[in-house]
Amino acid sequence: MRSVRIVVAAGAASLLSSAALAADMPSIMPPPPQQYYQAPVEDFGGWYLRGDIGMTTQQASRISNPLDTTLNVTGPSYVGTELSGSSSFDLGVGYRFNNWLRADLTAEYRNKATVRGSVFGQFTAFGGTFSDVDNYSANLSSLVFLANAYVDLGTWWCITPFVGAGVGTAYNHLSSFRDDGLTTFNGLTAGTQFVANGDKANLAWAAYAGLAYHVNQNLTIELAYRYLDLGSAVTGNTNFAFSSPGVLGTHAWTVNDLVSHDLRFGVRWTCCDVAPPPPPPLIRKG
C-alpha cells in the first residue's frame, strides 16, 4: 500500500514539473489574427507620343464670290458642292494624367482633295439682266493644329472606349481654281477664268469617339471617328480670263463651311512614364 502511494506521488510531482517547464517555453501556436489595411497608391500618369493616319470625307455648303452681291444676284441655286476623299497624317505629344483623363497637342497635314461645285443665278449689270451658270473646280489641302482632351471610360479586356474634343487652327490652301461658265446676255457666251492660289487661317474644332486597345504597358492602338470643322477657304484674285477679260474686275472665291468626317487609326507610345512611389507600409488598425 505504501508503495502505491509512493508511485502516485512521484507521478504527480512529474506532472507539476512538466507544467512549470511548459510555462517557461515560448508558445509554438500562431498569434491571433490582426487587422491591417494598406493605403491606396495614387494613379500616376506619364508622357506619350502619338501618330495617326486617316481617311477624310469633306463637305462644303457652297462656293461664292463678291459678285453675288455686287451684281445683285437673285435666286442663286447651288446645284452641288462636293469634295473628293483624301488622307491625313499627324504627329503629337501628350500626357496621361490618370486612368480617366489625358490630353495632347497634334500637328496634321491633310492631302489634296478635289473641290467641285456648280451654281446658277440671275443678276443685273450694264443695264441688262444676265443668266449665268458656273462650274467650279479646285484643290484643297490643309494644315491643322489642335489641342485635344480625352476622357477614357473604363477598360474591359484591354479595350478602352473614349470620347474627346479639340480646338485649334486650320490653315486651308486652295489651288488650281478654275471657273467655267455660260452667260446669256444678248446671246450665249462661254468663258473660263483661272484664279490665283489662296490661303486662309480659321478657328478649328473637333469631336472624337473611339476605342483604344492596350497591347502592352507602353503601346496602345486606337480606332476613332472624328468630326472636324475647318472653317472656310479662299482663293487669290482672278489672274487670267477668257471671254471679256477684266470687264467684271478681279475677285476671289470662297469655299464656305468646310467640315470633315474622318476615320482614323492611331498609335500611342508611352515613352516617359512617371515612376510611382513604393507602396506604403501595412498599417495595423486599432
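Read the figures in this text as sums done on the coordinates, not as results from a lab. Please read all numbers here as calculations on a predicted model, not as lab measurements. All Cβ positions, glycine included, derive from the backbone under ideal geometry; neighbour counts span all protein chains shown.
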For this session: Go through segment 80-96 residue by residue and turn each phi into a ³J(HN,Hα) via Karplus (6.51, -1.76, 1.60, θ = phi - 60°); whole Hz please, and just put x for glycine and proline.
Result: x, 9, 9, 10, 6, x, 8, 10, 9, 9, 9, 10, x, 10, x, 9, 9
For this session: Count the net charge of all other residues whose Cβ sits under 15 Å from the Cβ of ALA204, scoring Lys and Arg as +1 and Asp and Glu as -1.
Result: -3
Exercise. ALA207 to VAL93: extension gain in nm, 0.36 nm per residue of separation minus the Cα-Cα distance?
Worked result: 39.2 nm
Problem set entry | Long-range amide H partners of LEU101 with built H, under 5 Å | ASP152
Seminar exercise, completed: 1/(1 + (r/R0)^6) with r = Cβ-Cβ of SER137 and TRP269, R0 = 41 Å, i.e. FRET efficiency to nearest 0.05, evaluates to 0.50
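If the chain between MET55 and SER176 were fully stretched, how many nm would it gain, using 0.36 nm times the residue separation less the Cα-Cα distance?
So the chain would gain 41.3 nm between MET55 and SER176.
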Exercise. To the nearest 0.05, how large is the calculated FRET efficiency for ALA147 and ALA196 if R₀ is 22 Å and r is the Cβ-Cβ distance?
Worked result: 0.10
